[in-house]
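Here the structure is laid out as structure tokens; the discussion comes afterwards.
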Amino acid sequence: MDDPHYLSGLDLAGRRVVMVGGGTVAQRRLPRLVAAGARVELISPHTSPSVSGMADAGELVWHERRYAEGDLADAWYALACTDDAEVNAAVCAEAERARVFCVRADEGDLGSAVTPASGRHGGLLLGVLSGGEPLRSAAVRDSILEGLQAGVVEDGRVPHPAGELPGVALVGGGPGDPDLITVRGRRLLARADVVVVDRLAPRELLDELAPEVEIVDAAKIPYGRAASQEVINATLIEHAKAGKFVVRLKGGDPYVFGRGFEEVLACAEAGIPVTMVPGITSAFAVPAVADVPVTHRGVAHEVVVVSGHVAPGDERSLVDWDLLGRMRGTIVLMMGVERLPQFAAALLTGGRPPSTPVAIVEDGTMRTQRVLRSTLDVVAAEAAAAGVRPPAVIVIGPVAGLAQPSS
Ligand code: SAH
């Protein structure tokens with residue numbers, strides 16, 4: 001059989017596009033039309049809040065009425081998306097006479113154009129048509145996109161213009177489960193020549209890398225903390241200067257107790273371009289997967305993320321523990337396992353009720369995840385008895401005591 005369609009890329013910028021019908025199909029099609037710069041006019045007596053929001057924002061013009069013959073005058077492209085087959089047929093008939101290509105949402109093969117399943121990847125625009133099997137085209141589109149993101153489908157991109165350094169990408173890998181990295185982070189990781197990885201970064205992602213990718217384990221760099229940061233900075237700079245694309249893979253978000261900004265500054269000082277890719281921080285994600293929302297309507301209107309790497313009263317501490325003791329909302333304590341008895345005591349002294357609920361989530365999002373629920377007065381003893389170990393996020397406040405969804 002001959003191909004029923006001819007695949008083409010339309011330049012709709014500044015051109016009149018008429019969409020008839022403002023329901024869910026419109027809602028799905030409009031963002032891409034708008035993104036392509038089309039001058040969209042929507043004709044429909046009703047529409048959804050998200051579509052009328054686009055009209056309010058000036059992204060399209062909404063004519064709040066039914067379709068009438070003549071509406072397609074001067075249009076370059078039309079879409080018949082009502083739930084009324086007769087109206088869709090009338091729109092397509094006018095389009096045919098006016099020689100305007102027209103998509104028909106209810107019966108695709110009766111229109112003169114069809115919408116491909118489409119997707120974007122780093123400047124590529126991908127479209128798949130299957131001749132009337134939308135689920136099939138969507139599945140193929142998804143697999144190609146996933147393959148591109150994971151680096152298994154060749155992207156063909158010219159790596160870097162001559163003379164320019166590819167630089168360093170500082171990538172937040174999320175709390176541990178390899179699925180919780182961002183799409184952008186994964187895409188950059190797939191292009192890395194060198195990966196410098198932290199102890200708490202999602203290490204399973206390294207299995208996907210090609211054998212020639214050099215992996216530097218930042219956790220194995222010896223010396224004390226301060227010196228090892230200098231070694232890490234020097235490692236990033238040295239590889240980047242050699243023309244390698246370096247991904248610095250960190251746990252959670254690079255800027256939440258991750259020392260990410262120190263690395264950015266060091267690279268900038270050395271003239272290395274840096275891309276920052278935020279990550280899902282364990283401060284919020286780890287409580288979430290253990291059914292602890294860090295805020296909840298009527299329960300907590302504030303959340304403070306606190307580092308427990310030094311004790312209360314330590315001269316290096318920048319934390320006002322008295323203030324945290326007076327606060328009613330949520331405290332998310334990171335790196336707090338070792339000194340939990342001191343933090344609990346400081347909060348009790350500051351005025352937090354002994355019955356304040358506490359949830360400790362160890363190895364959050366990982367197979368070994370463990371959750372301990374307690375109260376502020378006994379949490380230190382109970383955590384010690386249960387053998388709680390880092391990494392763990394400790395959530396203190398009424399949200400840690402909310403009823404649990406039954407599963
Ligand atoms: N930049 C990271 C945090 C680094 S500090 C982020 O945004 O998530 C390290 C602390 O993060 C650990 O001591 C622990 O408190 C917490 N943490 C990180 N990953 C964790 C995980 N999977 N489960 C529990 N806590 C985690």
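Of Glu69, Glu107, Glu338, the residue with the greatest mean-square motion in the GNM of the chain, using alpha carbon springs below 10 Å, is Glu69.
Across the range 369-386, coupling constants 3J(HN,Hα) worked out from phi with the 6.51/-1.76/1.60 Karplus curve, θ = phi - 60°, read 3, 9, 10, 10, 10, 7, 10, 4, 5, 10, 4, 4, 5, 5, 5, 5, 5, 7 Hz, and Gly and Pro carry x.
Working note: 222 nm ellipticity from helices only, DSSP H runs with n ≥ 4, each -39,500 (n - 2.57), summed and divided by the residues of the chain, gives -9000 deg cm²/dmol to the nearest 500.
Think of the range 284-401 as a dipole: +1 on every Lys or Arg Cβ, -1 on every Asp or Glu Cβ, centred on the Cα centre; then among Ala386, Ala346, Thr365, Thr365 lies furthest on the positive end. Return the tail of the calculated pair distribution for the chain, meaning the percent of Cα-Cα pairs more than 27 Å apart. The answer is 64 percent, as a whole percent.
Of Pro273, Pro31, Pro166, the residue with the greatest mean-square motion in the GNM of the chain, using alpha carbon springs below 10 Å, is Pro31.
When the convex hull of its Cα atoms is viewed from all sides, the range 16-115 shows a mean projected area of 5.4 nm². At a 1.4 Å probe radius, carbon and sulfur cover how many percent of the accessible area of the range 168-280? Whole-percent figure for carbon plus sulfur exposure: 54.
Looking at the range 1-156 alone, DSSP beta bridges between its own residues are antiparallel in about 25 percent of cases. Comparing Ala345, Ala57, Ala138 in a Gaussian network model of the chain where C-alpha atoms under 10 Å apart are linked, the largest mean-square fluctuation is found at Ala57. Accessible surface calculations at 1.4 Å, restricted to protein heavy atoms, place the chain at 54 Å² per residue.
The values are calculated or read from the model by the stated rules, or taken from the named source; none is laboratory data. The structure presented is a predicted model; accordingly, all values stated were derived computationally and were not measured. Backbone-built Cβ (ideal geometry, glycine too); neighbour counts: all protein chains shown. Accessible surface areas use protein heavy atoms only, side chains included; no ligands, DNA or RNA. Shrake-Rupley method; radii C 1.70, N 1.55, O 1.52, S 1.80 Å.
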